[in-house]
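Trainee: Sharing a structure, written as structure tokens. Questions coming.
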Amino acid sequence: MDITQEGTILEKKELATNIYEMKLYAPKIAGAVHAGQFMLLMVDEKGERVPMTIVDWDKVRGWIDIVYQEVGTTTIKLTGLKDGEKLFYVAGPLGKPSRVGKFGKVVVIGGGVGVPAIYPIARALKLQGNYVVSIIGAKTSNALVFEDRMKEVSDELIVTTDDGTRGLKGFTSDALRELLSRGRRFDAMWSVGPTLMMKACSDVAAGNIPNSFASLNSLMVCGVGMCGACRVTIKDKILLTCVDGPEFISYDVNWKELAIRLKSYMREETVSLEMLRGAGKL
Ligand SMILES: Cc1cc2nc3c(=O)[nH]c(=O)nc-3n(C[C@H](O)[C@H](O)[C@H](O)COP(=O)(O)OP(=O)(O)OC[C@H]3O[C@@H](n4cnc5c(N)ncnc54)[C@H](O)[C@@H]3O)c2cc1C
């Protein structure tokens, strides 16, 4: 296997149903990345540019890790690739690094594939000397990933599943509400996951936690601030998730608008999937 080409897949493994971890040879990205940043990839020449959070990296060996959930055309094509194959295009690190620093007691919350995405943020916060309480959640136990790795970087770890098959039954926002109702206090909060989850956590934290950050998953096309597809309203200002984020102060996000914009291309995404399936390419 020639692993010296940027974008070569070093290893791909299934972590849970439809959730994969992919290790890529990408020395330029690995050498410059900080927690909270993402990369763009294209599977083939005609494919779309897809943003993925960089969840781990090794600056010396030159690899980065991404964790993705199969949701549509590009992510299904990614799963079809084998170790040793090369992605058409990789670029990064993109976006601003997460605002990690010495806050004191912090709570980090990840849901679904947001758990791997919050892992480097939790790790950086722990390295900065914060007391890190992590809440991680998934729909069901089979969909929960990165529990061991989150345990390593957390002083306390709380697990939730919607159906109660692992940890507490309920949402991550329920666990946060419970902690706050027991008098626990935090200086800062981070959340990464589904938009509804981040909004719910932000609503619970409002008035209780002075600093709260959320990493937004807006629909993105160019990833470098040219096209405007990933625009979001932050405290009455229009900003771009790719260059001004992806992390924003959660209390300033117009969540309703973000949720609506995420559904903008559902019809086209379905058509793309059906066309490729029809052509036997997936
Ligand atoms: C900064 C950033 C970081 C991201 N990091 C990760 C990550 O680490 N792991 C991961 O699995 N996904 C991540 N995403 C989302 C990922 O980019 C999309 O899931 C991907 O583009 C879907 O492409 P597709 O062709 O497979 O699906 P499509 O057919 O394009 O979309 C299928 C469905 O997926 C959802 N979707 C599409 N694009 C996005 C998006 N940008 N955000 C959220 N949902 C979307 C929509 O519901 C859509 O209907 C990130 C998004 C952003 C903006």
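Only the coordinates and a few stated rules stand behind these numbers; no lab work does. Here the structure is a predicted model, which means the values were calculated and not measured. Cβ atoms come from the backbone with ideal geometry, glycine included; neighbour counts cover every protein chain shown.
Trainee: Under 1.5 on a/c is rounded, so check that first for region 93-138, then, if it is not, pick prolate when a/b is larger than b/c and oblate when it is not; a ≥ b ≥ c are the square roots of the alpha carbon gyration tensor eigenvalues. Don't skip to the answer; put the middle values down first.
Mentor: On the way: a/c = 2.50, a/b = 1.14, b/c = 2.18.
In terms of gyration-tensor shape, oblate.
Trainee: Among MET22, ILE249, MET39, whose Cα lies farthest out toward the positive end of the dipole of the chain, if unit charges sit on the beta carbon of Lys, Arg (+1) and Asp, Glu (-1)?
Mentor: About the Cα centre, the residue reaching furthest to the positive side is ILE249.
Trainee: Another question, then. Pull up all non-local amide H partners of ILE109: gap of 5 or more, or a different chain, and H-to-H distance under 5 Å with H placed in the peptide plane.
Mentor: Under 5 Å from the amide H of ILE109 lie the amide H atoms of ILE135, TRP190, SER191, VAL192, each far enough along the sequence or on another chain.
Trainee: Can you run phi through the Karplus equation (6.51, -1.76, 1.60; θ = phi - 60°) for region 233-240 and list ³J(HN,Hα) in whole Hz, with x for Gly and Pro?
Mentor: Once θ is set to phi - 60°, the couplings for region 233-240 become 9, 10, 6, 6, 10, 8, 10, 10 Hz.
Trainee: Which whole-number percentage describes the relative contact order of region 105-215, with Cα contacts under 8 Å and a sequence gap of 6 or more? It would help to have the intermediate numbers written out before the result.
Mentor: Details: 228 pairs, mean separation 31.5, N = 111.
28 percent.
Trainee: Order these by the 10 Å Cβ neighbour count, fewest first: VAL43, VAL107.
Mentor: Details: VAL43 21, VAL107 31.
Taking fewest neighbouring Cβ atoms as first place, the list is VAL43, VAL107.
Trainee: Starting from 0.36 nm per residue, how many nanometres of slack lie between ALA206 and LEU262 once their C-alpha separation is accounted for?
Mentor: Numbers: separation 56, 0.36 × 56 = 20.16 nm, distance 2.39 nm.
Gain on stretching ALA206 to LEU262: 17.8 nm.
Trainee: To continue, here is another question. Any idea what the relative contact order of region 161-251 is, in percent, if you count C-alpha pairs under 8 Å spaced at least 6 apart? Walk me through the intermediate numbers first.
Mentor: On the way: 125 pairs, mean separation 21.3, N = 91.
With pairs under 8 Å counted, the relative contact order is 23 percent.
Trainee: Shifting gears a bit: What would the Debye formula give as log10 I(q)/I(0) at q = 0.08, 0.12, 0.14, 0.15 Å⁻¹ for the alpha-carbon point model of the chain, no solvent?
Mentor: Rounded to two decimals, the profile gives -0.32, -0.74, -1.02, -1.18.
Trainee: Taking the alpha-carbon centroid of each part, what is the distance from region 109-130 to region 177-197 in angstrom?
Mentor: 13
Trainee: Now a separate question. Fewest to most neighbouring Cβ within 10 Å: what's the order for LYS86, LYS151? Present the calculation step by step, with values, prior to reporting the outcome.
Mentor: Details: LYS86 16, LYS151 13.
Ranking LYS86, LYS151 by Cβ neighbours within 10 Å, fewest first, gives LYS151, LYS86.
Trainee: Now for a separate question. Which of the residue pairs LYS105/LYS237; LYS102/LYS151; LYS13/LYS86; LYS13/LYS151; LYS12/LYS139 have a Cα-Cα distance greater than 25 Å in the structure shown?
Mentor: Values: LYS105/LYS237 30 Å; LYS102/LYS151 20 Å; LYS13/LYS86 16 Å; LYS13/LYS151 21 Å; LYS12/LYS139 23 Å.
With Cα atoms farther than 25 Å apart: LYS105/LYS237.
Trainee: A further question on this structure: Please give the charge dipole size of region 1-102, origin at the Cα centre, charges +1 on K and R Cβ atoms and -1 on D and E Cβ atoms. Round to the nearest 20 debye.
Mentor: With only Lys, Arg, Asp and Glu charged at Cβ, the dipole is about 460 debye.
Trainee: Rounded to the nearest 20 Debye, what is the dipole magnitude of the chain about its Cα centre when Lys and Arg each give +1 and Asp and Glu each give -1 at the C-beta? Don't skip to the answer; put the middle values down first.
Mentor: Working: 36 positive and 33 negative charges, 106 e Å.
Computed charge dipole of the chain: roughly 520 debye.
Trainee: Of ALA214, PHE146, VAL115, whose Cα points farthest to the positive end of the dipole of the chain (charges on the beta-carbon: +1 Lys, Arg; -1 Asp, Glu; origin at the Cα centre)?
Mentor: After comparing all options, I get ALA214.
Trainee: Taking the Cα centre of the chain as the origin and placing charges on Cβ (Lys, Arg +1; Asp, Glu -1), which of ILE9, ILE260, THR73 is farthest toward the positive end of the dipole?
Mentor: The listed residue farthest towards the positive side: ILE260.
Trainee: Taking a Cβ-Cβ separation under 4.7 Å as the criterion for a possible partner, which cysteines of the chain have none?
Mentor: For the chain, the answer is CYS201, CYS230, CYS242, because their Cβ atoms have no other cysteine Cβ under 4.7 Å.
Trainee: Relative contact order for the chain using alpha-carbon pairs under 8 Å, separation at least 6, rounded to a whole percent?
Mentor: 16
Trainee: While we're on this one: On a 0 to 90 degree scale, rounded to 10, what angle separates helix 266-278 from the longest Cα axis of the chain?
Mentor: It is inclined by approximately 40 degrees.
Trainee: Moving on to the next point. Using the count of nearby Cβ atoms within 10 Å as a rough guide to exposure, how do GLU21, GLU11 rank from fewest to most? It would help to have the intermediate numbers written out before the result.
Mentor: Details: GLU21 19, GLU11 12.
Going from sparsest to densest Cβ surroundings: GLU11, GLU21.
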